[in-house]
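What follows is one structure encoded as C-alpha cells, with my remarks underneath.
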Ligand code: SF4
Ligand code: FE
C-alpha cells in the first residue's frame, strides 16, 4: 500500500494531461488550489490506512492474493466487509468534511467483477479473467480508479442511438483487431484528475441494437485523447488568495471535493482492458449492481459529513451563548436522529447482503435504494437546522480582509463578540465552516451530491417500486380481510404466495 506522500508522487509521475480549469489549460495541475485541496481528501484515504488505530477498518485481506490491501481496492468477502466499508466512509467523511472521491472505483470494481463472471458463464467470453488481472493490479498498485459511468445524455426523451449527435452517449466508433476506439464524454467525474485509472461503464440498460454503447473498459487516466474540464464549485474562488483571509473565508481550507467533465475524443483501448464489448443484455445488470453499491456508500460518507454539521451546530450554539436553551438542545437531538437514520440504512443494507455467484458480496438492493432515497432528503433537513442555530451572521459576515484590517478589525472584534469568554475569532471561523458546508464548496459534497450522486431521487424510486414485492404484500392484506379463522388465513397466504413465487 502507498502512503499519502507516495500517492501524491504517483500522481505527479503521470504523463502530461489535458486539464482545463477556468478557461486555461493547467501546466501544473497538482499545484492549483482547487486540485490540491481535493487531492488532500483522497490522500487521507492513504494516510489513515497507515495508522494502526484505523487499520482494521481501512484495510482488508485480498481474496485474490491474500495480501493486505486498502479496503478501497477490496472485493467484499462477507457482510462484515460491507459493514466495514460503511464505517470507513463515515470515518473519512468526519475527517475531511467533504467527498474523498475513492468510493466510485471500489463500487465499480465489485460490480464489474460480478458482471463479467456472469457474462463468461453465459456467453463463454474471457472478460472475467481479464478483469481479475485488472483487479489484482488495482490492489497491488493501490490505485485510485475513477468509475466513469454517467453519460452526458443530451435529450433525455431519446435513446442513445436516437440522439442528434451520436457521441452524446460514449460509444465504440471503431473496432480493430487489437482493441477499440471510443468517443464520447462522462459527466460529474468525481476525483477523475486525482485518479490513476479510469473504468468506463455504460450508463443505463441497453437494447439489442445499441451494441456500440455497451462498452466497459479500463485505461490510464493519462491516456492519449482524454480531456478534462474542471467543474466550478460554489465559492471556490475564496481559496485563491493563498493568505490567511482566504483560509478563513473559504470555511474549510484544507480539503475539497472534485468533479470534472471527461471527454474521450478518439481513445484506443487494447483488448486486454475490455470487459464488455457489445453484450447489451448485461449493461442493465452492471448499472444496477453499481448503483446499489454506490447508494450504500452514501449511508457512510454523508453520515460522516453530517457528524461535522452536528458538531458545528453544537459549537456555534456555544459561541452564540445558546447552548443551554432547550429548543437548541432538542434541535441537536433531531440532527442526530436524522443522521443516525442514514447510518442505520447504510448498515442495514450491508448486514442484509448476500454472496454473489462470482464470490463477492452484494448489498440488499432494496435497502440500499431506501438508504440513498433518505440521503436525498435528510442532509437538507440537517443543514436547515444548522443554519437555524447558526443565525443570519453566517451570510452577512464581513470579509476576513476586514477582520484582518486594523481599522475595521477592532470594530469587528468588539461588535461580533458572542458569549462571554468565547473567542470571537473562532466564532467567525465556525460560521464560515457552516456557510461552506451548507452553501459553499462543502455543500457540493454534503447536499448536491446527496441529491444527485449515485443517481437522482427518481432512480431510487424506480428500483424501490421494482424490488418492494407489493404483490406479496397484497396477499397478506387479502388473506386477513377475506378469512375469518386462523387456518384459512395461513392457508390462503401460503397458497397464493406459492403461485406468486412460481410466477417469479
Ligand atoms: Fe465516496 Fe461519498 Fe464521494 Fe461518493 S460522494 S465518492 S461515496 S465520499
Ligand atoms: Fe458521489
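All of the numbers you see were taken from the coordinates with simple rules; none came from a lab. All values derive from a computational prediction rather than experimental measurement. Here Cβ is always computed from backbone atoms with ideal geometry, including for glycine, and neighbour counts include all displayed protein chains.
Roughly speaking, what is the stretch gain from residue 452 to residue 495, that is 0.36 nm per residue apart minus the C-alpha to C-alpha distance, in nm to one decimal?
Contour length minus Cα-Cα distance gives 11.3 nm.
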Exercise for review: Sticking with the crude label model, points 7 Å out along Cα→Cβ, report the distance from residue 50 to residue 12 in nm, one decimal please.
Suggested key: 1.4 nm
**Study point:** Normalised convex hull volume, region 26-286, alpha-carbon set, Å³ per residue
**Key:** 142 Å³
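Between residue 158 and residue 407, what length comes free when the chain is fully extended (0.36 nm per residue of separation minus the Cα-Cα distance, one decimal in nm)?
Gain on extension, residue 158 to residue 407, equals 83.6 nm.
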Point to revise | Estimated D of region 1-149 in µm² per second, where Rh is the Kirkwood radius over Cα pairs and Stokes-Einstein applies at 25 °C, 0.890 mPa s | key: 148 µm²/s
Review point. In region 99-247, if every C-alpha pair distance is counted and binned at 5 Å from zero, what percent goes to each bin?
Key: 2, 8, 15, 19, 18, 16, 9, 5, 3, 2, 1, 0, 0
Check your understanding: Taking only the alpha-carbon positions of region 362-432 and ignoring solvent, what does the Debye formula give for the base-10 log of I(q)/I(0) at q = 0.13, 0.16, 0.23 Å⁻¹?
Key -> -0.55, -0.66, -1.01
Check your understanding: Under the rule of -39500 (n - 2.57) per DSSP H run of 4 or more residues, summed and divided by the residues of the chain, what mean residue ellipticity at 222 nm is obtained, to the nearest 500 deg cm²/dmol?
Key -> -16500 deg cm²/dmol
Exercise for review: May I ask you to derive the FRET efficiency for residue 474 and residue 132 from their Cβ-Cβ distance with R0 = 45 Å, giving the value to the nearest 0.05?
Suggested key: 0.55
**Study point:** Kirkwood Rh and Cα Rg combined as Rg over Rh, evaluated for region 123-174
**Key:** 1.15
Check your understanding: What order do you get for 134, 54 when you list them from fewest to most C-beta neighbours inside 10 Å?
Key -> 54, 134
**Study point:** Simple label model, 7 Å out from Cα along Cβ direction - residue 327 to residue 502, nm
**Key:** 6.2 nm
Review point. Looking at the chain, what % of its DSSP beta bridges pair antiparallel, to the nearest 5?
Key: 85 percent
Check your understanding: One-quarter of the Cα convex hull surface for the chain, in nm²?
Key -> 28.6 nm²
Review point. For residue 337 and residue 486 in one chain, what is 0.36 nm times their gap in residues minus the Cα-Cα distance, to one decimal in nm?
Key: 49.7 nm
Study note, to complete from the structure: Ordered by fewest other Cβ atoms within 10 Å, a rough proxy for footprinting exposure, 157, 488 read 157, 488
Exercise for review: Using R₀ = 30 Å, calculate the FRET efficiency as 1/(1 + (r/R₀)^6) where r is the Cβ-Cβ separation of residue 232 and residue 420; round to 0.05.
Suggested key: 0.15
**Study point:** Order of 88, 138 - criterion: other Cβ atoms within 10 Å of each residue's Cβ, fewest first
**Key:** 138, 88
Point to revise | FRET E, pair residue 399, residue 354, Förster distance 45 Å, beta-carbon r, rounded to 0.05 | key: 0.25
